[in-house]
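The values are calculated or read from the model by the stated rules, or taken from the named source; none is laboratory data. Remember, predicted model here, so these are calculated numbers, not experimental data. Methodologically, a virtual Cβ is constructed for each residue, glycine included, from the backbone with ideal geometry; neighbour enumeration extends over all protein chains shown. We work out accessible area using only protein heavy atoms, side chains counted, and drop any ligands, DNA or RNA first. Shrake-Rupley method; radii C 1.70, N 1.55, O 1.52, S 1.80 Å.
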Amino acid sequence: DTGVSQDPRHKITKRGQNVTFRCDPISEHNRLYWYRQTLGQGPEFLTYFQNEAQLEKSRLLSDRFSAERPKGSFSTLEIQRTEQGDSAMYLCASSLAGFYEQYFGPGTRLTVT
Amino acid sequence: AQSVTQPDIHITVSEGASLELRCNYSYGATPYLFWYVQSPGQGLQLLLKYFSGDTLVQGIKGFEAEFKRSQSSFNLRKPSVHWSDAAEYFCAVGGYTGTASKLTFGTGTRLQVTL
């Protein structure tokens, strides 16, 4: 399977805990995106990497959020000191530079209790 | 700033009936437009895309969409809906902002199909 994969698919955590999600893009794709989707809404852009460089961050990405793509392949999204408002589906997508269509993974559903 | 409006939150159609989902966008230049479909608890699957050229684009699963610049619209259509089409549909606009080709999504239209 050469699609985008995300791990874990579901995460339940208590308020104040740290969580980390992983995304593996389609192997030849050099652009990687993170989005957040809350109930009843469309996905909202969080951040974007081209290779290992993080080129843009949304204002939605507070200082409790950090994303990395250390070797230009997989990426991690960490949320520190989780809050109930962080409960959402976190989606990862990838694309080839020069191509605008993005291919999405299955998402990680985070529930903060 | 780019934005997308999907005026219909929920649509119900009978199996075999035709379907049209509305999408209006706002973007300062030539937009790149997409329709995605999302089944419950799943990620998004790309149905079709418009970049330039022919304003009627064909996608997967028998869907098509028509770009109308004068109306800032990109409506999704299907001549005959199948029960398996029940899902959430998202319209998105993208464009090159200098560094990112991020997508801006509408709030989605939930499609229910009755047998």
Checked A:Glu52, A:Glu44 against criteria (within 11 Å of chain B (Cβ to nearest Cβ), within 20 Å of B:Ser101 (Cα to Cα), surrounded by 14 or more Cβ atoms within 10 Å (Cβ to Cβ) and acidic (Asp, Glu)); the one match is A:Glu44
From the residues in segment B:37-46 that are polar (S, T, N, Q) and open to solvent by 60 Å² or more (accessible area, probe 1.4 Å), which one is farthest from the other protein chains (Cβ to nearest Cβ)? B:Gln45
Please indicate, with yes or no, whether at least one residue in segment B:91-109 is modelled with pLDDT of 95 or more, assigned to a strand (DSSP E or B), over 28 Å from A:Asp7 (Cβ atoms) and at the interface with chain A (Cβ under 9 Å from one of its Cβ atoms). yes
Test for A:Ser73: is it of a type in the set (Ser, Thr, Tyr), farther than 17 Å from B:Val37 by Cα and open to solvent by 30 Å² or more (accessible area, probe 1.4 Å): yes
Hey, could you check segment A:91-113 for residues that are of a type outside the set (Ser, Thr, Tyr), in contact (Cβ under 8 Å) with a residue 40 or more places away in the chain and open to solvent by 60 Å² or more (accessible area, probe 1.4 Å) and say which is nearest to the other protein chains (Cβ to nearest Cβ)? A:Arg109
Kindly establish whether B:Lys61 is surrounded by fewer than 19 Cβ atoms within 10 Å (Cβ to Cβ), over 27 Å from A:Gln50 (Cβ atoms) and not aliphatic (A, V, I, L, M). yes
Looking at (1) over 12 Å from the mean Cα position of the chain (by Cα); (2) open to solvent by less than 30 Å² (accessible area, probe 1.4 Å); (3) within 14 Å of another protein chain (Cβ to nearest Cβ), find the lone condition where A:Leu60 falls short. (2)
Meets criteria (out of contact with any Lys or Arg (no Cβ under 7 Å at 6 or more places or on another chain), under 21 Å from A:Gln37 (Cβ atoms) and open to solvent by 30 Å² or more (accessible area, probe 1.4 Å)) for B:Lys49: yes
For strands (runs of 3 or more DSSP E) lying entirely in segment B:1-81, having 3 or more residues that are modelled with pLDDT of 95 or more picks out B:10-14, B:19-21, B:32-38, B:44-50, B:56-58, B:64-68, B:73-78
Hey, among the residues in segment A:1-39 that are among the acidic types (Asp, Glu) and either closer than 13 Å to A:Thr111 by Cβ or within 14 Å of chain B (Cβ to nearest Cβ) (or both), which one's surrounded by the fewest Cβ atoms within 10 Å (Cβ to Cβ)? A:Asp1
